[in-house]
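No value in this document is a laboratory result; all are computed from the given coordinates. The shown structure was predicted, so the numbers you read here are calculated from the model rather than taken from an experiment. Every residue, glycine as well, gets a Cβ built from its backbone with ideal geometry; the counts of neighbours run over all protein chains shown.
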Ligand SMILES: C[S@@+](CC[C@H](N)C(=O)[O-])C[C@H]1O[C@@H](n2cnc3c(N)ncnc32)[C@H](O)[C@@H]1O
């Protein structure tokens, strides 16, 4: 049985190496550009919106686009547990002239306590890194509280991880914090967001080959895509 610490260590190692090797805009990588799904969710942002939260912001692939979308005087709070990623994010924000819009918070999402209310909350491949369903639920409730009426939540969540050795075809135990199923994730979101206006709850297949302990492993998962707007009555 792989420990939580081992999983976290591998995650950190993977991201440190990835961000050292690749930058935003690098073709053929997941940093090539903002996710079209995220851009699509911008249609629901209120014209008066000026505060956003990017959970697990990494080196800012989405944070800069959000800052540009919200415009002058807006704030994007970028939370990540990798200080090296946040340092790179700050540098790039200055180059892109959105430095004044960015606030970085070096924290685990689980420990992050919002001190303001947001109009837009994004999580791309992040909240599933919480240790279990209880902490994920608590985090989502906290985020709901910290969202203004008509604020938008947009999530892309990797679930149903299935890892296979590319050479031998053997099943490999996924090194992930929690391996939620598609059905339980959808149930969780439908339950927690029943008072919200759910605009989308869909799924798509995702896979990439990674080097895991010296083996080439096909890491396949389902990406749950979720967009919802906080109702006035909430
Ligand atoms: C797959 S990357 C995605 C980065 C960014 N959201 C994007 O779409 O470009 C996941 C990011 O989440 C961060 N992360 C993972 N678990 C986290 C946690 N529990 N709290 C805060 N950040 C976390 C990682 O350091 C990494 O930068």
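Return one number: the angle in degrees, 0 to 90 and rounded to the nearest 10, between the long axis of the Cα atoms of helix 182-192 and the longest principal axis of the Cα atoms of the chain.
The angle comes out near 20 degrees.
Distance in nm between label sites at residue 210 and residue 1, each 7 Å beyond Cα in the beta-carbon direction?
Spacing of the two 7 Å Cα→Cβ label points: 2.2 nm.
Which order do the peptides 44-51, 119-126 take when ranked by the mean count of other beta-carbon atoms within 10 Å per residue, highest first?
Highest-to-lowest ranking by the protection proxy: 119-126, 44-51.
If you rank 166, 69, 61 by fewest surrounding Cβ atoms within 10 Å, what's the result?
166, 69, 61
Share of antiparallel DSSP beta bridges in the chain, in percent to the nearest 5?
60
Cα centroid distance between region 88-140 and region 166-206, in Å?
Centre-to-centre (Cα) distance: 20 Å.
Would you kindly state how much longer the chain becomes between residue 103 and residue 178 on full extension, computed as 0.36 nm times their sequence separation minus their alpha carbon distance, in nm to one decimal?
Full extension from residue 103 to residue 178 adds 24.1 nm.
What nm value, rounded to one decimal, do you get for the distance between residue 10 and residue 138 when each label is placed 7 Å out toward the C-beta?
Placing both labels 7 Å beyond Cα along the Cβ direction yields 2.5 nm.
If you take every DSSP beta bridge whose two residues both sit in region 104-234, what share of them, in percent to the nearest 5, is antiparallel?
If we restrict to bridges inside region 104-234, about 85 percent are antiparallel.
Report the residue, chosen from 164, 181, 29, that carries the largest GNM mean-square fluctuation when the chain is represented by alpha-carbon nodes joined by springs under 10 Å.
29
With a 10 Å cut-off between alpha carbons and a GNM built on the chain, which of 70, 89, 189 moves the most?
189
For the chain, what relative contact order do you get, as a whole percent, if you take Cα pairs closer than 8 Å and at least 6 residues apart?
17
Work out how far the C-alpha atoms of the chain reach from end to end along every principal axis, then list the three figures in whole Å, largest first.
Extents along the principal axes, in whole Å: 54, 41, 29.
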